[in-house]
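Step one of this worksheet: look at the structure below.
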């Protein structure tokens, strides 16, 4: 007997017990429609919670934490991070589709390997609509 057939038969038998939905994982988000041509549907239980960052950070605080992780410095915890302007809504391409995001621009002043601050560097951080997931983070000096 084929192992795949056995697994599918077992899953089909339990389908009535747990009413799962078909969802597609698109990066750090989930969608009811495929986000890419090769997307694979995954069953998600109705009680399953979306992925959230450690510490429950959201908004600008989440972008500041991402900046500390993304900026290459020997002492990331000492990076000086400041907002530039106000949060704004912006549509970006994510997983091949347009998606509404919240954009935060921030400046980062991080220590060099010599222990001195390198000067302010501008970055942009795009968050999901619920402001709980970083979708993109990049330097504005590219």
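The values are calculated or read from the model by the stated rules, or taken from the named source; none is laboratory data. Because the structure is predicted, anything quoted here is derived from the model rather than measured. FYI the Cβ positions are ideal-geometry reconstructions off the backbone, even for glycines, and counts take in every protein chain you see.
Among the strands (runs of 3 or more DSSP E) confined to the range 30-142, the ones with at least 3 residues that are modelled with pLDDT of 85 or more are located at 80-94, 97-109, 121-127, 134-139.
When you check residue 135 against the structure, is it within 17 Å of the chain's Cα centre (by Cα) and either surrounded by 16 or more Cβ atoms within 10 Å (Cβ to Cβ) or in the same structural domain as residue 34 (by TED's automatic domain parsing) (or both), yes or no?
Here the answer is yes, as residue 135 does meet what is asked.
Could you tell me which residue of the range 111-132 is surrounded by the most Cβ atoms within 10 Å (Cβ to Cβ), considering only residues that are under 20 Å from residue 79 (Cα atoms) and touching a helix residue (DSSP H, G or I) at 6+ places or on another chain (Cβ under 7 Å)? The residue in question is 125.
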